[in-house]
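The values are calculated or read from the model by the stated rules, or taken from the named source; none is laboratory data. Nothing here was measured: the structure is a model prediction, and the numbers come from that model. Cβ atoms come from the backbone with ideal geometry, glycine included; neighbour counts cover every protein chain shown. Note: accessible area is taken over every heavy atom of the protein model, side chains too, but ligands, DNA and RNA are not part of it. Shrake-Rupley method; radii C 1.70, N 1.55, O 1.52, S 1.80 Å.
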Amino acid sequence: MIVFLPTFAEPQHFSLAEKLLFAGLVLASGYAFWRRFGVVVGKILKSKKDANFHLFPIGKRVRDFVWEVVFQAKVIRERPAAGLAHAFVFWAFCAFALVTLNHCADALGIAFLDPAGLTGRFYFWFAAVFAVACAAGILGLFVRRFFIRPKWLGEKLSWESGFIALLIFVLMATYLASFFVADTGASIKILWWLHTLALLTFLPVIPHTKHLHLLLSPVTVFLSRGSFSQIPPLSGDEDFGLVAGTDLTQLVSLQAYSCVECGRCTEHCPAANTGKLLNPKEIVLGLRAYLNDLGPTSDQPLLGKYNSQNAVFQCTTCGACEFQCPVGIEHVPILIGLRRGAVNTGAWEDDHGSKLFLALERGSNALGINPAEREKFIEKQKLPLFDGTQEYCLWLGCMGGYDPKGREIVADFARIMNFLGTSYGVLRKEKCTGDPVRRLGNDLLFQQLAEANLEALAQNKVKKIVTICPHCVRTIQEDWKEYGTPPEVEHHSEFIARFAEKLTPQPTEGYGLQPVHPDQPTSGEALAPEANSSQQKSGKEEIVFHDPCYLGRYRNVYDEPRAVAALAGTVVEAPRNHERSFCCGAGGGLSFLGEETGERVSHVRAAELVATGAKTIATACPFCNTMLRDALATNGEAAPQLLDIAQLAARGLPERDAS
C-alpha cells in the first residue's frame, strides 16, 4: 500500500508591496540584532588576549565540538529528560537552517527547494519530524520552568524564557500547519506571515537574553583551554590575575556571555548546597553584568559590587560546576583568577590564609610542622631513601609526611610496594607541591615551591613519582609545567590496580592482616588475628567508595580505586558517585582556612556515605580521609570504619610480609 504524505505548501505569489515589506522587516530585524550582538562581540574582542592560548592541535577541539555541540551528549547525559528536550530544540534549529533560507528566498521568488520535487519533499518532511520533536520539547521545557520550577533555575520567573518559548512554538506550529493547507488562498499567506514575524522577532531578542548562548556556546566549547580546569599562566610581572575589567581575557568574556543560566553548576556545587554565599552561576553572571555596565576597559574592581570576595574564597575547586556546564564555561580558572587578583594585590586578608602562606614561605609543609618530624617518620618506618637507582620516588606530600592518618596510608602503601618487590625510595627533604597556594591564588609562593621541587627532583634524577595524594598528582603533572618538565607521576590507586591479581587476599586461618601504622614498625612480630576482627575479615563486607574530586573529575580515574577496594570486599555506590561525586570540602586550600559558614560539606558527604549501610568507607585521598574522619566522629561508635584503599589492599597481604 502506498502512503501519500501531504505536500508542504508555500505561497505561489508575492506582490511587490509584500516583497518590499518583507525586505524592510528583514533589514529592521537584522539591524536590531546586530545593534546588541555587535556590542557583545566588541566587548569580547576588546578584552585582553589569553596568555599561552593555542588553537592547535585542532583535532581534540573538533572531537569535543562534535560530541558536545552536534550530538549534545553532555546536555543529555547530565540531565536526560530536560537535556533531550534541549537537544531536540537544537537539532530542529539545525534542520531548519535550510528551511529558513528557502522560506526567505521564496518571498523574493528564488526558492531552491521544490515541495513537489523529490529532494524538497524529503527535506521538508525531514524537518517536520524535528519540528514535532522541537514543539514537544519546548512545551516540556516551558512546563518545567514555569510550573515544576527546579530551584536551580532561580526563584525569579523569566518572562524572556516564556516569550522565547512561545516564538519557537509558533515557528514549529506554523511550519507543520503548512502541510495541511493549499498553496493558494489566504490560509497559506497567513501562516507564512505568522512564521516570518515569529522568526524576525526571535532574531533581535536573542542577544538581549540568555539565549545568546545559541550563538556563542558552540564557539566557547570549541575554544576551551584544552584540559579540565586548566589554570592559565599570568602574562607577565604586571599581571596579578582578575583584578579589574582590564584583566578580563577574551575567553573569560566569551564564557560570561555564553551562560545559559541553567543552574547545573549550582545544583552540584558543594558550597551552594551547604548554605554558603558561593553560587558559580552568579559568579559568571556577575562578570557579565560588569561587562554590560562597565566594559573590559574599566579599572573598577571585579570584586565588590558585582561579585563577593567571600564567595570566591568558598570554592573547593572540586570542578563539579565545570564538569556539568553544557556550554563550555570553565568556572574554576575564573574563580582562581579572581582569587589571584585578591591575593596578589593584598586585597584578601585572612588570618588562616596568612598563616598557611607564612608556613610555606618559612618551612616545607602546609601543616607548619618541623621537617624533623618527617625525618623521624621515615627512620621509624625504615623507608628507603631515593638514591637515583630506584624505579619510583615515593612522594609523601604534606599529608603523607606529617599527618598521622596520612602516615598510616603511606606505611601500608610501602608494605604493598615491598611485597611486590618494587624498587622505590623517598626524598630526604621534600617541599609542599604548592597545591593549596596555587588554588588560593598566591602565584609567587607557588612558583618558589614548584621551582625548588623541580630542582630537587632533577638533582636526585627522579624519573617516576608515585603518591597517595591526588592533589599532588595534579599539581606536579599540570601546574608545575609552567616552570619546567616534571617527572612522570601516578596515583597509588593506579599503581596498586596494575598488580591487583598479585594482591588477592591470602587466607591465613580465615584472616588477613591489619594495616601496619607509623607507631608499629614494619619489622617485627605479625599482629594477632584477634586484634581487630572488623578489619581482618576476609569475607565480602560491603565497602562504599568515595570518589576524590582530584582523582575522578580531574584525572578521570574511577575504575582503578574500585578494583583495589574490591580486594577487601564488595564495593557499593553512594547516590552521588563517579563524575557526580560530592566533594569532601578540603580542596582549593579550604582545609587550611578554618571553620566553614553554613553546613559543613564533609558532614553532608559523610551522612550520604553512612546512609549506604556499608561498614567500611574507602577513600583514595588523604585530604578526603581527614575531612570524612572528622565528620564521622559525630556518629560515635556507630560510625563505619574509614580506610584508604592502600590500607584495604594491605589487609590481605600474607603474614610473612609483616616482617
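Residues in segment 85-129 near a label at residue 12, defined as backbone nitrogen under 15 Å from the 7 Å Cα→Cβ point? Answer for segment 85-129: 115-116. Cβ under 15 Å from residue 113's Cβ, residue 113 left aside: what net charge do those residues give with Lys, Arg +1 and Asp, Glu -1? Value of the local net charge: -3.
Between residue 222 and residue 362, the modelled labels are 5.4 nm apart [label points 7 Å from Cα along Cα→Cβ].
The stretch between residue 629 and residue 485 holds 48.3 nm of extra length on full extension. This uses 0.36 nm per residue minus the Cα-Cα distance.
Using alpha carbons only, how many degrees (0 to 90, rounded to 10) separate the axis of helix 601-610 from the longest principal axis of the chain? Value to nearest ten degrees: 80. Shown are 554, 31, whose ranking by accessible area with a 1.4 Å probe and every protein chain present, most to least, is 31, 554. Debye-formula intensities of segment 547-659, expressed as log10 I(q)/I(0) at q = 0.23 Å⁻¹, are -1.41 (one equal scatterer per alpha-carbon, no solvent). Between the beta carbons of residue 352 and residue 34, assuming R0 = 51 Å, the FRET efficiency works out to 0.55 to the nearest 0.05. For residue 370 and residue 166, a Förster radius of 60 Å and the Cβ-Cβ distance give a FRET efficiency of 0.30, rounded to the nearest 0.05.
Using a probe of 1.4 angstrom, how much of the accessible area of the chain is carbon and sulfur, in percent? So the carbon and sulfur contribution to the accessible surface is 59 percent. Computed across segment 434-481, the Kirkwood hydrodynamic radius from all distinct Cα-Cα pairs reaches 11.2 Å.
Pairs from the list 502/540; 43/74; 382/405; 151/305; 60/210; 431/461 with a Cα-Cα gap above 22 Å: 43/74; 151/305; 60/210. If you sort 573, 599 by accessible surface, 1.4 Å probe, largest first, the order is 599, 573.
Working note: 222 nm ellipticity from helices only, DSSP H runs with n ≥ 4, each -39,500 (n - 2.57), summed and divided by the residues of the chain, gives -15000 deg cm²/dmol to the nearest 500. Can you work out the FRET efficiency for the pair residue 379 and residue 597, with r the C-beta to C-beta distance and R0 = 51 Å, to the nearest 0.05? It comes out at approximately 0.75.
Other residues with beta-carbon under 12 Å from the beta-carbon of residue 253 carry, at +1 per Lys or Arg and -1 per Asp or Glu, a net charge of +3.
Computed on the Cα atoms alone, the convex hull of segment 141-251 gives a volume of 181 cubic angstrom per residue. Lacking any other cysteine beta-carbon closer than 4.7 Å, the following Cys residues of the chain have no compatible partner: 94, 104, 134, 259, 262, 269, 315, 325, 393, 398, 432. If both residues of a DSSP beta bridge must be in the chain, then about 10% of such bridges are antiparallel. Values of log10 I(q)/I(0) for segment 322-378 across q = 0.22, 0.29 Å⁻¹ run -0.87, -1.10, by the Debye formula with one identical scatterer at each alpha carbon and no solvent.
When you count the other C-beta atoms within 10 angstrom of each residue and take the mean per peptide, 134-142, 439-447 line up highest first as 439-447, 134-142.
Using every pair of distinct Cα positions in segment 1-112, the Kirkwood expression returns a hydrodynamic radius of 18.8 angstrom. Accessible surface area normalised per residue over segment 308-447 is 34 Å², counting heavy atoms of protein chains with a 1.4 Å rolling probe. Residues of segment 164-201 with an amide N closer than 18 Å to a point placed 7 Å from the Cα of residue 21 along the Cα-to-Cβ direction: 184-201.
Averaging 1/r over each pair of different alpha-carbon atoms in the chain and inverting the result gives 27.8 Å, the Kirkwood hydrodynamic radius. The length gained on full extension between residue 108 and residue 143, counted as 0.36 nm times the residue separation minus their Cα-Cα distance, comes to 8.8 nm. Averaged over residues, the count of other Cβ atoms within 10 Å places the peptides 122-133, 283-294 in the sequence 283-294, 122-133, highest first. With each label modelled as a point 7 angstrom along the Cα→C-beta vector, the residue 391-residue 298 pair spans 5.8 nm.
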